[in-house]
Each structure stands twice: as C-alpha cells, then as structure tokens.
Amino acid sequence: MPVYILSQPIQSGKTTLLKQWINNYPTAAGILTPDKNEKRLLYNIANKSYHTLQLEAHEEGVNIGKYVFSKEGFALAQKILLEAITTQPEWLIIDEVGRLEMDRKEGLEPVVSEIISLVKSTYTQVNLLLVVRDYLLDVAIDYYKLYDAKVLTACNLTLQMPLPNGLVLCGGKSTRMGMDKAFISYHGSPQFMHTTQLIKPLCSNVFISCNTNQKQILESGLPIIEDELDFANLGPLTGLLSYYRKENNTPVLLTGCDYPNTAIQTYLKLLHARDEETDVVCYRHPETGYDEPLLAVYESSALCKLNEWWSQGNQSLRLFLQTLNVKRLKPTNINEIKSFDYMNS
C-alpha cells in the first residue's frame, strides 16, 4: 500500500485539519498531537482520549530544545500505534515524525520504522499517513526511503483537489547553453532524471516532455510525452500543449530542467498555495518582476484556456498568465528559481 505524507509549515493548523478530516473515516486510528493551553497533548484517534505528552520545563523527561516531553507519553503513543495497525484501519495516522525520531532514534521510534516496513509490504491494506514539517520533507523521504510516497497538502484533504501530474520540460534546443540542458549533471545524474525524482512524491504521475532528437530520454524507460508536430517550435508551449492533448483533465506541476537550485520545498510551496479559485500558481522573480511560468502549477481550467489561447495565434506563456487568475509567490531564496541558460550561469 502507498505511504502518504502530510507536509505543512509549522503552526499551520495541520493537527486541527486532520482532526476534522478523520471524521470522514470512522475506522481511522493512530495519534494526533494537538496543542491545548500551550501544551502538546497525545490524542488517541480510535477512542478519542487525551493523554499527557508535554511536561513542565522543570520536569524530567525527553528534552527537545526548550521543551520537555514525557517518556511515558511516547511509550503510550507507540503502544497505541502498534495496537492500531492490528485492527487494519482504513487510515493510520502518525502525527508527527521529526528530528527526535530521525536524529536520535527516540520519541516514536522504533515503531514508526516498523509500521512503515509493514505498510510497504504486502501484509496490510492500511493507508499510512505521516505528518512531517515541510522543511524536513526531503530528510524524511531519504531517511525512511519513502521514494514512492505521495505528499498531500491541505487542499488535497479539505478541498479534495487531486494531486497534479508532473511535467519536466526537456524539449528545448539549449542554444545559449551550447549543450542539451537536460543531460547536464549538477547532482550526480542528468538533470532531467534529478528533477523527475525531486517532484515524484508531489505528483500523481511524472512525465518527461521531450523532442524526437532526445534519444537518451526516449530510451530511459521513464514516462514521456513527445512533442506533437502540431505544436512544433513554440518553446515551452510545445510541451504544455502536447501534455494537454494527452492529459487534459489533470492539473500539472510544470518545471523546466534548467533550475538546478530547486528543492522539493520549492515545488511544495506551489502546491500549498493551490485553491479552487486560482488557475495558476507560479513564482514571480522579485528583482525583474517577471512571472516564472516554468515553475508553476496549472489547473485544468488553465489548460483548457491555453488551448483556445494558442489557437488564436498566441505563443508566450508569460503573456498567457496575464489573462488568468494567477497566484504569484515570492521565492524563499532567489537562487532557487534561477534558470541556468549559459555555462557560466
């Protein structure tokens, strides 16, 4: 069975969100850690009971920064989780997994590792939902080897918006770079493969957009969408329109393969910003003021409008964004949205 990760920023109300969401799943089990009177409690989802987890600063327990937590509370949490998985709930929720587990092997360990192993095996039909803070998402995926996990955000739970597909654009001629940007290795593998693996947990499926001359990509075994002849020589528009022809009802997380400084958090921030009223979420360059249409989520509504817009003789994605309801984000660091178009970039 798949493992899911709910990844939200700190103090974003993720525990409250989950408490509301599990009302839709009567057999849900596991633990939540809500705050009450500025103290973290342990909540047993199955029997709706609260227990002590956070202690007073002067009490003896497990120290996490300036906070102190009960060893007995963590032991009870582990017991609740082990008992819960034996009942085969539809959803088993673990709120939350953090540095204590991954760095110190304390807190909810070793039970978290045991449950992940069980769920990834063929011995259970439980959907496992791990809560991980956004800045630890890539760390948790690597630590627990959750490369096939799917990352959820609030819009997936509350608005029931679907996970987008991913589309990695590789079809450009790379004239300014002097070599094909898709095959440059910044991180130990060709950039098209690195980017694919980076966004895979955030997407339902990931496709490589490429042209007929990129034989290495065509033979890579990865899912591809080859440029349609009808849309030839339109730059990035070629890839997006070719995607629309095949997957027109599915939103898409679009990324160029020439952004080597992006991290999974770069893309996760786009997904956090999705809502039912927005056609596109993209980054805006804080210095130039330009939109970054190749670091964006395009909803189905935008894709339908794109096809009509192109049929009227238009070709610029940046100009297309000006016709839509767009949510523009400021990058955490300007380097994460820097496009490398030249060898000395």
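Where a number appears in this text, it was derived from the coordinates with a stated rule and is not lab data. Just so it is clear, the model here is predicted, and its values are computed rather than measured. Every residue, glycine among them, receives a Cβ derived from its backbone with ideal geometry; neighbour counts consider all protein chains shown.
What to note about this one:
- Scanning residues 5 or more positions from Phe207 or on other chains, those with amide H under 5 Å from its amide H are Gly166, Leu167, Val168, with H placed 1.01 Å from N in the peptide plane.
- With at most 15 neighbouring Cβ atoms within 10 Å, loop trypsin sites (Lys or Arg not before Pro) (DSSP) excluded, longest segment of the chain: 177-345
- DSSP finds beta bridges in the chain, and of those with both partners inside it, around 40 percent are antiparallel.
- DSSP beta bridges in region 3-158 [antiparallel fraction, %, rounded to 5]: 45 percent
- Sequence-separation-based contact order of region 1-133, relative, with Cα cut under 8 Å and 6+ spacing, percent: 33 percent
- Sequence-distant contacts, meaning Cα pairs under 8 Å at least 6 residues apart, place the relative contact order of the chain at 15 percent.
- Links that overshoot a 24 Å alpha carbon limit, given the list Lys39/Lys330; Lys79/Lys200; Lys14/Lys269; Lys145/Lys338; Lys19/Lys145: Lys39/Lys330; Lys79/Lys200; Lys145/Lys338; Lys19/Lys145
- Computed from the Cβ-Cβ distance with R0 of 22 Å, the FRET efficiency linking Asp230 to Ser316 stands at 0.75.
- The distance between label points at Tyr25 and Val139 comes to 2.5 nm (points 7 Å beyond Cα on the Cα→Cβ vector).
- Sorted by Cβ neighbour density within 10 Å, fewest at the top, the residues Val62, Val252: Val62, Val252
- Mean-position separation - Cα centroids, region 269-345 and region 1-80, in angstrom: 37 Å
- Efficiency of FRET from Cβ geometry, Ala263 and Ser49, R₀ 45 Å, rounded to 0.05: 0.70
- Relative contact order of region 216-338, taken over Cα pairs closer than 8 Å and 6 or more residues apart, is 30 percent.
- Whole-Hz ³J(HN,Hα) from phi, Karplus 6.51 cos²θ - 1.76 cosθ + 1.60, for region 154-162, glycine and proline x: 4, 5, 6, 7, 7, 9, 6, 6, x
- Electrostatic dipole magnitude of the chain [Cβ: Lys, Arg +1; Asp, Glu -1; Cα centre; debye, to 20]: 200 debye
- Longest stretch of the chain clear of exposed loop sites (chymotrypsin sites (Phe, Trp or Tyr not before Pro), DSSP loop, at most 16 other Cβ atoms within 10 Å, sites excluded): 1-122.
- Mean residue ellipticity (222 nm) of the chain, computed from DSSP H runs ≥ 4 via -39,500 (n - 2.57), nearest 500: -8500 deg cm²/dmol
- Least to most buried among Glu59, Glu336 (fewest other Cβ within 10 Å first): Glu59, Glu336
- Ranking of Val97, Val280 by count of other Cβ atoms within 10 Å, fewest first: Val97, Val280
- Relative to the Cα centre, the charge distribution of region 3-158, modelled as +1 at Lys and Arg Cβ and -1 at Asp and Glu Cβ, gives a dipole magnitude of about 240 debye.
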